[in-house]
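Taking it in order: structure first as structure tokens, then the write-up.
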Amino acid sequence: MGLAKRIIPCLDVTNGRVVKGVNFVALRDAGDPVEIARRYDEQGADELTFLDITASSDNRDIILRIIEEVAAQVFIPLTVGGGVREVGDVRRLLNAGADKVSINTSAIQNPQLVADAAGHYGSQCIVVAIDAKKVSGMGPDTNRWEVFTHGGRRATGLDAVEWAVKMQSLGAGEILLTSMDRDGTHNGFDLGLTRTVSDALDIPVIASGGVGNLQHLVDGVIQGHAEAVLAASIFHYSEYNIRQAKEYMAQHGIEVRL
Amino acid sequence: MTDIAIIDYGMGNLRSVSKALEHVAPKATVVITSDPAVVRQASRVVFPGQGAMPNCMHEMDSRGLRDAVIHAAANKPFLGICLGLQMLFETSEEGNVKGLGILPGKVRRFPAAAAMHNADGQKLKVPHMGWNQVHQAIDHPLWHGINNDARFYFVHSYYVDASNPEPVAAYSFYPFQFTCAVARDNIFAVQFHPEKSHSAGLTLLGNFVQWEPATTN
């Protein structure tokens, strides 16, 4: 009896279409974003996350039109990320109908953006996305993860746990934590990463990267201590629907909204 | 003639509230306004709010909206959402700010996450974010068609500690019991976000746009 763990389908959008790749490459078309959003809403998704992965800034307005259309018919929280560089970008997305905005690379280039955006619009709508990779450590400190950008290609030198704590202190309301080692692999979340970050924070953590079956969602909550689990391809290609995922989680003792 | 006025004092995104009201009341005129005159003329008023309560009180006052809010809360169907619930109370621990004092009680912060655990011993995070059950404490027209213990979407770090139980319309647990909805005369106010709470939320908003509270004042 209490707060439910959330299932969040993620829609990677480019040029007005939902796509999905392995380790951010080899993109495969998965359909129309508005249609997919409606389907997930009907199946009982707790929130929806849209990541605008459009490479060129020329096409940024496409995501605004998509969010406007989704927000007029889907009444659950919508998070939008990708290409958020300044407070004005946050404002445009919120005005289009987003409830939360996810900031990734720009938080690294300019951490003050997180503080400014949270100060203007409240922490409840500022999500910081962290892409992390395990790095081989020496001695007792073997479990270390480093923050990467550019789809896992560029190392930042930042420790993922320390970075998450810093983002919390600057006003992030939630952390979207993606394992770049697992993303697209279908091998399950990096549970060590998820648990270490979640236990270090007071704010909720969304586990992301690697979901291949429903047991992985259960593991993310029970072993990874995540408040929410995010997945894309297992839902896009109709291997499972959201309702099945929630029933499976409920059978494993996790409180969900059914 | 404005049917429903959503009070805009510059705190947060009102588009979701507006879209959801248009969805449940397609024939109504729904306006987002910071003009006290428009608020006074509206038949129904929605008082939303996000962010920090000291900023909310300041922004409301800087737009000269306080009297219009108090007038609406005394005279017409009035729906407070999130900070729009908290601001009705006397004081908040958030910046030790005074609220409107329309209802007796205080707004308090949830303890730090490290101090709160669920039955499995897992740390409970703050903000309280996600879908929680709403236990209806009273029968009320705004609950019609909504199952007791239905889940609504919450996102907040502070909660209402009402001084007396009379206006409490619903409560939730995180992990202790807290007030998540109040009702008195023409006022109904909720901590959760009906505009983001799928069918249960739309049902509540639909009930609000049809609600005819017994005339007061």
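Consider A:Asn59 carefully, then state whether it is within 14 Å of chain B (Cβ to nearest Cβ) and polar (S, T, N, Q).
On the way: within 14 Å of chain B (Cβ to nearest Cβ): no; polar (S, T, N, Q): yes.
Spelling it out, it is not the case that A:Asn59 is within 14 Å of chain B (Cβ to nearest Cβ) and polar (S, T, N, Q).
In the list B:Thr33, B:Thr2, which residue meets the criterion of being in contact with a Ser or Thr (Cβ under 7 Å, 6 or more places away or on another chain), more than 14 Å from chain A (Cβ to nearest Cβ) and among the polar types (S, T, N, Q)? Outline the logic, then answer.
Details: B:Thr33 fails: in contact with a Ser or Thr (Cβ under 7 Å, 6 or more places away or on another chain).
Only one candidate passes the filter, namely B:Thr2.
Of all residues in segment B:95-113 being buried (at least 21 other Cβ atoms within 10 Å of the Cβ) and of a type outside the set (Gly, Ala, Ser), which is nearest to the other protein chains (Cβ to nearest Cβ)?
Looking at residues that are buried (at least 21 other Cβ atoms within 10 Å of the Cβ) and of a type outside the set (Gly, Ala, Ser), I get B:Phe110.
Of the residues that sit in segment B:163-208 and are of a type in the set (A, V, I, L, M) and under 20 Å from B:Gln50 (Cα atoms), which one is farthest from the other protein chains (Cβ to nearest Cβ)? Don't jump to the end; show me each part of the working.
First, pick out the residues of segment B:163-208 that are of a type in the set (A, V, I, L, M): B:168-170, B:181-183, B:187, B:189-190, B:200, B:202, B:204-205.
Checking which are under 20 Å from B:Gln50 (Cα atoms) leaves us with B:181-182, B:187, B:189-190, B:202, B:204-205.
Working: B:Ala181: 17, B:Val182: 21, B:Ile187: 23, B:Ala189: 18, B:Val190: 15, B:Leu202: 6, B:Leu204: 11, B:Leu205: 9 Å.
Looking at the filtered set, the residue picked out is B:Ile187.
Give the number of residues within segment A:167-176 that are assigned to a helix (DSSP H, G or I) and away from every other protein chain (no Cβ under 11 Å). Spell out the reasoning first.
From segment A:167-176, those assigned to a helix (DSSP H, G or I) are A:167-170; that's our starting set.
Narrowing the set further to residues that are away from every other protein chain (no Cβ under 11 Å) leaves A:167, A:169-170.
The number of residues fulfilling the criteria is 3.
Considering only residues of segment A:72-86 that are within 14 Å of chain B (Cβ to nearest Cβ) and either part of a helix (DSSP H, G or I) or of a type outside the set (Phe, Trp, Tyr) (or both), which is surrounded by the most Cβ atoms within 10 Å (Cβ to Cβ)? Lay out the reasoning, then the answer.
Just the residues of segment A:72-86 that are within 14 Å of chain B (Cβ to nearest Cβ), to begin with: A:72-80.
Checking the rest, the ones that are also either part of a helix (DSSP H, G or I) or of a type outside the set (Phe, Trp, Tyr) (or both) come to A:72-74, A:76-80.
Numbers: A:Ala72: 15, A:Gln73: 12, A:Val74: 21, A:Ile76: 23, A:Pro77: 27, A:Leu78: 23, A:Thr79: 24, A:Val80: 31.
Among residues in segment A:72-86 that are within 14 Å of chain B (Cβ to nearest Cβ) and either part of a helix (DSSP H, G or I) or of a type outside the set (Phe, Trp, Tyr) (or both), the one surrounded by the most Cβ atoms within 10 Å (Cβ to Cβ) is A:Val80.
Scan segment B:133-163 for residues that are part of a strand (DSSP E or B) and within 26 Å of A:Thr79 (Cα to Cα) and report the count. Spell out how you get there, then give the answer.
From segment B:133-163, those part of a strand (DSSP E or B) are B:133-136, B:150-156, B:158-162; that's our starting set.
In the following step, the residues that additionally are within 26 Å of A:Thr79 (Cα to Cα) were identified as B:133-134, B:150-156, B:158-159.
Number satisfying all stated conditions: 11.
Among strands (runs of 3 or more DSSP E) lying entirely in segment B:1-75, which contain 2 or more residues that are buried (at least 23 other Cβ atoms within 10 Å of the Cβ) and either more than 15 Å from the chain's Cα centre (by Cα) or in contact (Cβ under 8 Å) with a residue 24 or more places away in the chain (or both)?
Values: elements: B:4-7, B:30-33, B:44-47.
Hits in segment B:1-75: B:4-7, B:44-47.
Does B:Ala68 satisfy being more than 23 Å from B:Lys196 (Cβ to Cβ), within 11 Å of chain A (Cβ to nearest Cβ) and either out of contact with any Phe, Trp or Tyr (no Cβ under 7 Å at 6 or more places or on another chain) or small (Gly, Ala, Ser) (or both)? Reasoning before the result, please.
On the way: more than 23 Å from B:Lys196 (Cβ to Cβ): yes; within 11 Å of chain A (Cβ to nearest Cβ): no; either out of contact with any Phe, Trp or Tyr (no Cβ under 7 Å at 6 or more places or on another chain) or small (Gly, Ala, Ser) (or both): yes.
So B:Ala68 fails the test.
Determine, yes or no, whether A:Ile63 is part of a helix (DSSP H, G or I), over 11 Å from A:Thr14 (Cα atoms) and at pLDDT 90 or above.
Details: part of a helix (DSSP H, G or I): yes; over 11 Å from A:Thr14 (Cα atoms): no; at pLDDT 90 or above: yes.
For A:Ile63, the condition - part of a helix (DSSP H, G or I), over 11 Å from A:Thr14 (Cα atoms) and at pLDDT 90 or above - is not met.
Looking at segment B:114-132, which of its residues are in a loop (DSSP other than H, G, I, E, B) and more than 7 Å from every other protein chain (Cβ to nearest Cβ)? Don't jump to the end; show me each part of the working.
Pass one, segment B:114-132, residues in a loop (DSSP other than H, G, I, E, B): B:116, B:118-122, B:124-127.
If the condition is that a residue be in a loop (DSSP other than H, G, I, E, B) and more than 7 Å from every other protein chain (Cβ to nearest Cβ), then B:Met116, B:Ala119, B:Asp120, B:Gly121, B:Leu124 are the ones that fit.
Going through A:Glu69, A:Glu42, A:Glu47, A:Glu86 one at a time, which residue ends up being in contact (Cβ under 8 Å) with a residue 60 or more places away in the chain and either touching a strand residue (DSSP E or B) at 6+ places or on another chain (Cβ under 6 Å) or charged (D, E, K, R) (or both)?
On the way: A:Glu69 fails: in contact (Cβ under 8 Å) with a residue 60 or more places away in the chain; A:Glu42 fails: in contact (Cβ under 8 Å) with a residue 60 or more places away in the chain; A:Glu86 fails: in contact (Cβ under 8 Å) with a residue 60 or more places away in the chain.
Exactly one of A:Glu69, A:Glu42, A:Glu47, A:Glu86 is in contact (Cβ under 8 Å) with a residue 60 or more places away in the chain and either touching a strand residue (DSSP E or B) at 6+ places or on another chain (Cβ under 6 Å) or charged (D, E, K, R) (or both), namely A:Glu47.
Which ranges mark the helices (runs of 4 or more DSSP H) fully within segment A:187-258 that have 1 or more residues being more than 16 Å from A:Ile130 (Cα to Cα) and in contact (Cβ under 8 Å) with a residue 12 or more places away in the chain? Even if it seems obvious, please write down each step before you answer.
Numbers: elements: A:191-200, A:214-222, A:233-236, A:242-251.
The helices (runs of 4 or more DSSP H) meeting that bar are A:214-222, A:233-236, A:242-251.
Taking only segment B:138-162 into account, find how many residues are farther than 24 Å from B:Gly51 by Cα and in contact (Cβ under 8 Å) with a residue 40 or more places away in the chain.
Within segment B:138-162, the subset farther than 24 Å from B:Gly51 by Cα is B:138-150.
From what's left, in contact (Cβ under 8 Å) with a residue 40 or more places away in the chain: B:138, B:140-147, B:150.
The number of residues fulfilling the criteria is 10.
Being over 15 Å from B:Leu85 (Cβ atoms) and of a type outside the set (D, E, K, R) is the requirement here; does B:Phe176 meet it? Quick ask: steps written out before the conclusion?
Values: over 15 Å from B:Leu85 (Cβ atoms): yes; of a type outside the set (D, E, K, R): yes.
For B:Phe176, the condition - over 15 Å from B:Leu85 (Cβ atoms) and of a type outside the set (D, E, K, R) - is met.
To keep it simple, each residue is scored yes or no on (1) part of a loop (DSSP other than H, G, I, E, B); (2) within 14 Å of chain B (Cβ to nearest Cβ); (3) over 28 Å from A:Ile62 (Cβ atoms).
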position: A:Arg91; (1), (2), (3): no, yes, no
position: A:Asn95; (1), (2), (3): no, yes, no
position: A:Ser102; (1), (2), (3): no, no, no
position: A:Ser106; (1), (2), (3): no, no, no
position: A:Asp116; (1), (2), (3): no, yes, no
position: A:Val127; (1), (2), (3): no, yes, no
position: A:Gly152; (1), (2), (3): yes, no, no
position: A:Leu158; (1), (2), (3): no, no, yes
position: A:Thr178; (1), (2), (3): no, no, no
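Out of all the residues in segment B:192-206, is one or more touching a Leu at 6+ places or on another chain (Cβ under 8 Å) and surrounded by fewer than 20 Cβ atoms within 10 Å (Cβ to Cβ)? Working first, answer last.
Our first condition is that a residue be touching a Leu at 6+ places or on another chain (Cβ under 8 Å); within segment B:192-206, this holds for B:194-195, B:197, B:204-205.
Still in the list and also surrounded by fewer than 20 Cβ atoms within 10 Å (Cβ to Cβ): none.
For segment B:192-206, residues touching a Leu at 6+ places or on another chain (Cβ under 8 Å) and surrounded by fewer than 20 Cβ atoms within 10 Å (Cβ to Cβ): absent.
How many residues are farther than 15 Å from A:Ala164 by Cβ, of a type in the set (S, T, N, Q) and buried (at least 18 other Cβ atoms within 10 Å of the Cβ) if we restrict to segment A:114-138?
Counting residues in segment A:114-138 that are farther than 15 Å from A:Ala164 by Cβ, of a type in the set (S, T, N, Q) and buried (at least 18 other Cβ atoms within 10 Å of the Cβ) gives 1.
The values are calculated or read from the model by the stated rules, or taken from the named source; none is laboratory data. Quick caveat, the model's predicted, so the values are computed rather than measured. Methodologically, a virtual Cβ is constructed for each residue, glycine included, from the backbone with ideal geometry; neighbour enumeration extends over all protein chains shown.
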